[in-house]
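Novice: Structure in structure tokens, see below.
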Amino acid sequence: MTRQEGPFGAPFHIGSIFAASPVAGATAVAAWLCVVPLLLPVLGGNATPHDVSRALQTGLMAFCGLAALPTVAAARLRWPVMFLLLAAAVTTLRADRLEMAWREAASYLGLIAVAVTVAVALAQPRLRRLLQWAVVAATGLYAVAVLTMALMAGVADAPLQHSELIFGYANRRHFNHVQTVAVLLCLLVATEASDRRLRRLAILAAICSLALLVLTFGRATVVAGLSGVLAASWAARSTRLLRLATACVVVGLVLHLAVFQLWPLTWGRVAAPSVDHAMNHLAGDQSRIALWAWAWSAWCEAPWFGIGPMHLAQRFNGIVAHPHNLLLQFAAEWGAVALALASILVAGFMYRLWLASRHKPAAAGGLALVVAVLVDGLFSGNAVMPVSQVWIAVAAGWAWQVQATGANRSAPARWADPAVWMGWLLALVLMSQPVALAVITARDWSGLPGSLEAARVRYPSEQNSPRFWSHGWF
């Protein structure tokens, strides 16, 4: 039986039991990345992209919960994880609306299941190639589709506005959240893949996506990506990733100018201006300061265990249902106890990535991913939107696997050992939550239009304020 260091900081077993789960889990994750959001306009019907992606996300998390079950069962939890689970349970049970708090907690457990599934799959060469191809295909195909639409619109009498080109997302910023992870994952694949063709396609996908980043100019994504690359280069004492990223940015800028500026001019059209390049957008805070104050005041009301998961969305502010700051959101909703324990785990994880970066280039890429996600989370809602949540979970599993110590031989688990049965009991409790969430989400789906309309009447606003569903106030 093979044993590796697992995402909970202890060995996990991949044996004959649930032997097909890594294959099934990796296939599900790969398919999800490629389908969402590329095919959402076809799959969604009259539903918003946010609602469709949320429904599909809960299905993926339930599937991964089952696939990750043996891995979680074999994990020996360290004390920060155990206390964090306890603090999360206390915070959830204390919440004013238990159902909504439970949904958020179950979503986090589902995302952990996705990360575990990815980490287990990456340990097997053929599944690693599958996920590498999926990341490159998901990033590249979407970018090529948008660029193709831009070329077609450039010759039309009424060219599309740039903001209209980003399809499959409720908001172009939700696409930027995905780019924070997707572009860096493509660069990581370009540095670690053994297939030369895959490496070249990964670079091409990153370039095409960066051309769209120039178009939409997601400021948090730019700062996050730069921070991640610089941190990885410093940790690895190498400029390889920095040089590759710089070259891709330069070529991406040239591609942007060619497609969105020069191409319309060749047909006698005037390039449509992008609102994302306007000075009031570049210099404005887009209500972030007001949102941060809103979250801070909620934290001050319940500093230790928070107001409850997702419960900022219970305090209507007329702007959006989350504060665009992961640190303040986690503090306000989960409390200082959970925040401190989560910070210990993340800091330890980053420290191990930092040490591994000296001799493993892939670990430097993993560090870049973690830093980028955290920096982006300080200014955006990347940890709230369903598509970016899945990409972040994939990044977490990827980063964990690249810093793992590798495989070694171990004796099979002794089923007479009470610790084995306790591990399976805890795993069943934890991994059953995303399964239950998927069932409830499917139940909600039939009556969702009426529920959302009732929410809009009760909490009127100029735009949808997504949290769980597209109008997230409750």
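Novice: Of the residues in region 228-264, how many are more than 22 Å from Ala143 (Cβ to Cβ) and open to solvent by less than 40 Å² (accessible area, probe 1.4 Å)?
Specialist: Matching residues across region 228-264 total 5.
Novice: Looking for whichever is over 29 Å from Ser238 (Cβ atoms) and among the hydrophobic types (A, V, I, L, M, F, W, C) here; the options are Val375, Val346, Val387. Which one fits? Don't jump to the end; show me each part of the working.
Specialist: Working: Val375 fails: over 29 Å from Ser238 (Cβ atoms); Val346 fails: over 29 Å from Ser238 (Cβ atoms).
Result: Val387 is the single residue among Val375, Val346, Val387 that is over 29 Å from Ser238 (Cβ atoms) and among the hydrophobic types (A, V, I, L, M, F, W, C).
Novice: Does Thr180 satisfy the condition of being of a type in the set (Ser, Thr, Tyr) and open to solvent by less than 10 Å² (accessible area, probe 1.4 Å)? Before the answer, list the steps.
Specialist: Values: of a type in the set (Ser, Thr, Tyr): yes; open to solvent by less than 10 Å² (accessible area, probe 1.4 Å): yes.
Judged against the criteria, Thr180 is a match.
Novice: In region 287-329, what count of residues is obtained for those that are on the phi < 0 side of the Ramachandran plot and open to solvent by less than 40 Å² (accessible area, probe 1.4 Å)?
Specialist: Residues meeting the conditions: 17.
Yes/no matrix, rows are residues, columns are (1) at pLDDT 95 or above; (2) among the small types (Gly, Ala, Ser):
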{"residue": "Ile344", "(1), (2)": "yes, no"}
{"residue": "Pro361", "(1), (2)": "no, no"}
{"residue": "Ser410", "(1), (2)": "no, yes"}
{"residue": "Val420", "(1), (2)": "no, no"}
{"residue": "Gly423", "(1), (2)": "no, yes"}
{"residue": "Val429", "(1), (2)": "yes, no"}
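Novice: Among the residues in region 199-208, are any modelled with pLDDT under 95 and among the basic types (Lys, Arg)? Spell out the reasoning first.
Specialist: Just the residues of region 199-208 that are modelled with pLDDT under 95, to begin with: none.
Within region 199-208 (the criterion being modelled with pLDDT under 95 and among the basic types (Lys, Arg)), the answer is no, since none of the residues qualifies.
Novice: When you scan region 342-357, how many residues do you find that are buried (at least 21 other Cβ atoms within 10 Å of the Cβ) and either farther than 19 Å from Ala115 by Cα or among the acidic types (Asp, Glu) (or both)?
Specialist: In the first step, residues of region 342-357 are kept if they are buried (at least 21 other Cβ atoms within 10 Å of the Cβ); the result is 353, 356-357.
Filter once more, so that each one left must be either farther than 19 Å from Ala115 by Cα or among the acidic types (Asp, Glu) (or both): 356-357.
Number satisfying all stated conditions: 2.
Novice: Return the residues of region 90-101 that are open to solvent by 20 Å² or more (accessible area, probe 1.4 Å) and in contact (Cβ under 8 Å) with a residue 12 or more places away in the chain; say none if nothing qualifies.
Specialist: Of everything in region 90-101, those that are open to solvent by 20 Å² or more (accessible area, probe 1.4 Å) and in contact (Cβ under 8 Å) with a residue 12 or more places away in the chain turn out to be Val90, Arg94, Asp96, Arg97, Met100.
Novice: On to the next question. Take region 28-85 and flag every residue that is crowded, with 24+ Cβ neighbours inside 10 Å and in contact with a Cys (Cβ under 8 Å, 6 or more places away or on another chain).
Specialist: Within region 28-85, Val29 is the sole residue that qualifies.
The values are calculated or read from the model by the stated rules, or taken from the named source; none is laboratory data. Fair warning: this is a prediction, and the values are worked out from it, not measured in the lab. Positions of Cβ are backbone-derived with ideal geometry, glycine not excepted, and every protein chain shown enters the neighbour counts. Calculation scope for accessible area: heavy atoms of the full protein, side chains included, ligands and nucleic acids excluded. Shrake-Rupley method; radii C 1.70, N 1.55, O 1.52, S 1.80 Å.
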